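Working notes for the structure below.
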Amino acid sequence: MSENNQREPWFSAKNLKLITEPIGIKNPITVLVLGICSALAVTVKLKPAFVMAISVTVVTAFSNLLISWMRNSIPNRIRIIVQLVVVAALVILVDEILKAFVYDVSKQLSVFVGLIITNCIIMGRLEAFALGNKPWPSFLDGIGNGVGYGVILVVVGFFRELLGSGTIWGYRVIPESIYVKNGGFYENNGMMIVPPMALILIGIIIWIQRTRNKSLIEE
Amino acid sequence: MENLINIFVRSVFIDNMVFAYFLGMCSYLAVSKTVKTSAGLGVAVVFVMAITVPVNYLMNKFLLLPGALSWLHPSLASLDLSFLSFIMFIAVIASIVQLVEMVVEKYSPSLYNALGIFLPLIAVNCAILGGSLFMQEREYETLAEATVFGLGSGLGWFLAIISIAAIREKIKYSNIPKPLRGLGIAFILTGLMGIAFMTFMGIKL
């Protein structure tokens, strides 16, 4: 990384763009259609969604970094399996750390931590970016894409928890007294808790994003 | 037997990989533009799933679980390798996909041409790894149960991708709001189909 340091500053405009672009116009979920797989089942509550977002960001960033370091010594034919092994090793680390420090969230995420391995964002970024770029830009690209993914996850998690359970991060936001069972008028939207609603929410996010940014419209 | 049928029906309809767990969504959304290609990918998934889940079941039972290695030597009985399951499963899947690809290429070139680029893609399809991880988490007891679960989950995925492809072929002629075209409407459609599939919930044989 030192050679990189001499040529351009660590946070040059070009490098910063690697972080900001995936959050907006190159968002991995809403524009590139990557990484929807393991994500949506964990967004019923905000907390697991947030933990998942951080885990994916860490794994994407470090796998990008490692693969980019090794990119000149990996034979092309077996690169997929090398990538899978690197990613799987990182995911095992993340899984053990989650089990040690946030056991309850780790139980809620269940198999979805393991499924980070096959998260298309990671493989997609490894193939598309890390194999052709220096370690430092690859690391930033990994962080950018992880955050871009995390933002969508957290937004979906926020609305599903708020409208479906009336809480945010486990704290009650909508007061108990206005619920029907306590003589009020309000009822939680049970639809928000079922899995398909996450897809519909993402559809709506895509709709809003493409209405604001016409260049993303398909066909 | 009843138990096996129950697992099969559950894995196809109730715990459907796509509609209940969103697994394999990337290829599901990317490939589902025409029925023909989706059928190719769907068959490949069923095929690989029905092989990898039982193989990983054996791996799990005889290598990874606490005490699983005791068949090798009694002194290994206290060993617990279950933290290695991710790396083990993904390696098994990647190599089986490679193996299946070679076998199919040799013995059935027509099937190989039909499956085409989809076979290598499958190694990174979350539904496949998901199948093995769910198999481990739900602790199926016999090899038959694991096999039936793998087959059922694969078929469920097949069903999902065929139906969304058929809908997307028809919907091309509809007047959808411009920003929603393509990806947006595919998400919302999948959500609606998921709600439809929820009606199977609670069915028990």
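Rounded if a/c is under 1.5, else prolate if a/b is larger than b/c, else oblate: which is the protein assembly as shown, with a ≥ b ≥ c the root eigenvalues of its Cα gyration tensor?
Here the protein assembly as shown falls in the rounded category.
What do you get for the angle between helix A:13-23 and the principal long axis of chain A? Use alpha-carbon atoms, 0 to 90 degrees, nearest ten.
With rounding to tens, the tilt is 40 degrees.
Quick one: pull the percentage of alpha-carbon pairs in region A:18-218 with a separation above 23 Å.
That fraction is 48 percent.
Tell me whether region B:2-202 comes out rounded, prolate or oblate; compute the Cα gyration tensor, take square roots of the eigenvalues as a ≥ b ≥ c, and use a/c under 1.5 as the rounded threshold.
prolate
Averaged across A:109-117, how many Cβ atoms of other chains sit within 10 Å of each residue's Cβ atom?
Mean partner shielding for this stretch: 6.
Along the positive direction of the dipole of the protein assembly as shown (beta-carbon charges: Lys, Arg +1; Asp, Glu -1; about the Cα centre), which of B:Met135, B:Ile167, A:Gly170 reaches farthest?
B:Ile167
Using Cβ contacts closer than 10 Å as the measure, can you line up B:Ile188, A:Ile206, A:Ile116 from fewest to most?
Taking fewest neighbouring Cβ atoms as first place, the list is B:Ile188, A:Ile206, A:Ile116.
Please arrange B:Glu101, B:Glu145, A:Glu176 by counting, for each residue, the other beta carbons lying within 10 Å of its beta carbon, fewest first.
Fewest-to-most ranking of B:Glu101, B:Glu145, A:Glu176: A:Glu176, B:Glu101, B:Glu145.
Going by alpha carbons, how many degrees (0 to 90, nearest 10) lie between the helix axis of A:46-70 and the longest principal axis of chain A?
Once rounded, one gets 10 degrees.
In percent, how large is the relative contact order of region A:79-178, given Cα pairs closer than 8 Å and 6 or more residues apart?
Value for region A:79-178: 16 percent.
Please compute the Kirkwood hydrodynamic radius of region B:42-91 from all pairs of different C-alpha atoms, in Å with one decimal.
For region B:42-91, inverting the mean 1/r across all distinct Cα pairs yields 11.7 Å.
Using Cα-Cα distances under 8 Å and only pairs 6 or more residues apart, what relative contact order does chain B have, in percent?
41 percent
Counting only complete DSSP H runs, which helices of chain B cover 18 Å or more along their long axis at the Cα atoms and score a mean Kyte-Doolittle of 1.0 or above?
Once both thresholds are applied, what remains is B:35-59, B:85-107, B:143-171, B:183-197.
Please identify, among A:Met192, A:Met123, A:Met70, the residue showing maximal mean-square fluctuation in a Gaussian network model of chain A using a 10 angstrom Cα cutoff.
Looking only at A:Met192, A:Met123, A:Met70, the largest GNM fluctuation is found for A:Met70.
How far, in degrees from 0 to 90, does helix A:79-101 lean away from the longest principal axis of the Cα atoms of chain A, to the nearest 10?
Approximately 50 degrees, to the nearest 10.
Would you please put B:189-196, A:75-82, A:141-148 in order of how densely packed they are, using the mean number of other Cβ atoms within 10 angstrom per residue and starting with the highest?
So the peptides B:189-196, A:75-82, A:141-148, ranked by packing, come out A:141-148, B:189-196, A:75-82.
Going by C-beta contacts inside 10 Å, put A:Lys47, B:Lys172, A:Lys99 in order with the fewest on the left.
B:Lys172, A:Lys99, A:Lys47
Using just the helices of the protein assembly as shown, give the 222 nm mean residue ellipticity in deg cm²/dmol: DSSP H runs with n ≥ 4 each add -39,500 (n - 2.57), and the total is spread over all residues, rounded to 500.
The helix contribution divided over the protein assembly as shown gives -20500 deg cm²/dmol.
Using only the Cα atoms, what convex hull volume per residue in Å³ does region B:83-167 have?
113 Å³
Just to be sure I understand the model, the point goes 7 Å from the Cα along the line to the Cβ. What's the resulting B:Lys33 to A:Arg77 distance in nm?
According to this spin-label approximation, the distance is 3.2 nm.
What percent does the relative contact order of chain A come to when contacts are Cα pairs within less than 8 Å and at least six residues apart?
32 percent
Any read-out appearing in this document is the output of simple, stated calculations on the displayed coordinates, not a laboratory observation. Please read these numbers as outputs of a predicted model, since none were measured by experiment. Please note: Cβ atoms are built from the backbone with ideal geometry, for glycine as well, and neighbour counts cover all protein chains shown.
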